Structures are given as C-alpha cells and as structure tokens.
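Structure record follows, encoded as structure tokens.
Every read-out reported here was derived from the displayed coordinates using simple, explicitly stated rules and does not represent laboratory data. As the structure is a computational prediction, the values presented were derived from the model and not from experiment. Backbone-built Cβ (ideal geometry, glycine too); neighbour counts: all protein chains shown.
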Amino acid sequence: MRLDSLKNKAEFDFIYKNAQRFFHKNFVLYALQISSIKPSNFRTQKFIDSLHSHSAEMYIGLSISRKVGKACVRNLLKRRLRAIMYENRSKLQDYIFVIVAKEGIVLADFATLQRDILFACSKISQNYQKTHKAHSPNKPKRI
C-alpha cells in the first residue's frame with residue numbers, strides 16, 4: 001500500500017474545509033475519508049481527480065510552523081509523523097490526514113506521539129462509522 005503526501009495549498013484548504021477535526025494539546029488532526037467524498041462541484045471534482053492520479057490508499061499532509069522549532073527539529077518531527085502513519089497504514093487506509101503541529105509537540109517522545117496520533121485516528125474513524133450509520137438510507141427515520 002502506498003502512502004502519499006498532499007502537495008499544494010488547494011488540497012490542504014479542501015481538507016481544512018471538509019474534514020473532521022480532533023484537537024489535542026500537541027496537534028490538530030484533520031481526517032477525511034476518501035470514499036465519502038462526493039463530487040458536488042468543479043473544485044471537488046478537480047480534487048478527486050488529483051487524488052486518483054496519485055493512486056495511493058492514504059494521504060498525509062504535515063503543517064509545522066517555525067514556532068515549533070528550528071529546521072532540524074521540524075524535519076525530525078516530520079520523519080516521526082510519517083513513520084507513525086506508514087507503520088499503521090493498513091489500519092488507516094482510505095483516509096486523508098492533515099496534522100497541524102503545536103509548539104508543545106517537540107517535548108513528546110516517539111512512543112507518546114505514536115499513542116496520541118493513533119488514539120486521535122481511532123476516535124475519528126469511530127465518529128465516521130457513527131455518522132454514516134446514522135445517515136444510512138436503509139435505516140428507518142424516527143418521527
């Protein structure tokens with residue numbers, strides 16, 4: 001399974017606008033399930049076409065500002081986050097993730113960071129399952 005990254009501002013903006021969010025003291029995780037994206041307008045269709053051209057099962061975008069630390073610290077953090085997502089790619093496939101780092105994230109070691117990221121991912125996937133069951137067309141609606 002391939003892991004790919006988001007490339008441009010338009011892709012990041014689409015995720016920020018349409019994804020579910022999970023707030024943590026060290027990061028904000030945005031997650032959007034690829035199969036749930038419906039082509040409603042030209043921009044959405046363009047985004048879907050760009051995803052299909054990469055042919056990956058999971059996408060990740062990292063946003064780490066200079067407030068977090070110097071370049072070597074930010075690069076170390078990016079390598080750690082990519083490694084966490086790559087190790088758990090079978091559990092996290094069919095999603096697009098954007099991780100926005102906060103200043104305190106540099107104090108977390110790899111194990112803590114991994115635990116927190118996986119916890120956030122599991123919460124978001126549970127939330128997707130709940131919302132998709134609630135909006136299922138086969139389920140009768142209460143009046």
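Quickly run through the range 120-133 and pick out the residues that are surrounded by 12 or more Cβ atoms within 10 Å (Cβ to Cβ) and either in contact (Cβ under 8 Å) with a residue 24 or more places away in the chain or over 19 Å from I96 (Cβ atoms) (or both).
A120, C121, K123, I124, S125, N127, Y128, H132
Taking only the range 88-112 into account, find how many residues are of a type outside the set (G, A, S) and either touching an Asp or Glu at 6+ places or on another chain (Cβ under 6 Å) or buried (at least 20 other Cβ atoms within 10 Å of the Cβ) (or both).
Step one: list which residues in the range 88-112 are of a type outside the set (G, A, S), which gives 88-89, 91-100, 102-103, 105-107, 109-110, 112.
Narrowing further to those that are either touching an Asp or Glu at 6+ places or on another chain (Cβ under 6 Å) or buried (at least 20 other Cβ atoms within 10 Å of the Cβ) (or both): 92-93, 95-99, 105.
So the count comes out to 8.
Residues of the range 13-59 being hydrophobic (A, V, I, L, M, F, W, C) and farther than 17 Å from L81 by Cα, which ones?
First, pick out the residues of the range 13-59 that are hydrophobic (A, V, I, L, M, F, W, C): 14-15, 19, 22-23, 27-29, 31-32, 34, 37, 42, 47-48, 51, 56, 58.
Result: F14, I15, A19, L32, I34, I37, F42, F47, I48, L51, A56.
Matching residues to (1) surrounded by fewer than 16 Cβ atoms within 10 Å (Cβ to Cβ); (2) touching a helix residue (DSSP H, G or I) at 6+ places or on another chain (Cβ under 6 Å); (3) closer than 30 Å to E103 by Cα:
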position: R2; (1), (2), (3): yes, no, yes
position: A10; (1), (2), (3): yes, no, yes
position: F14; (1), (2), (3): no, yes, yes
position: N18; (1), (2), (3): yes, no, yes
position: S35; (1), (2), (3): yes, no, no
position: F42; (1), (2), (3): yes, no, no
position: K46; (1), (2), (3): yes, no, no
position: S50; (1), (2), (3): yes, no, no
position: S53; (1), (2), (3): yes, no, no
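Give D49, D13, D94 a once-over and let me know the one that is on the phi > 0 side of the Ramachandran plot and of a type outside the set (S, T, Y). Walk me through how you get there before you give the answer.
On the way: D49 fails: on the phi > 0 side of the Ramachandran plot; D13 fails: on the phi > 0 side of the Ramachandran plot.
Just one listed residue meets the conditions, D94.
Looking only at the range 85-129, how many residues end up being part of a helix (DSSP H, G or I) and not charged (D, E, K, R)? Steps first, please.
Here is the first cut: in the range 85-129, the residues part of a helix (DSSP H, G or I) are 85-87, 103-107, 110-129.
From the residues that got through so far, the ones that are not charged (D, E, K, R) too are 85-86, 104-107, 110-114, 117-122, 124-129.
Counting residues in the range 85-129 that are part of a helix (DSSP H, G or I) and not charged (D, E, K, R) gives 23.
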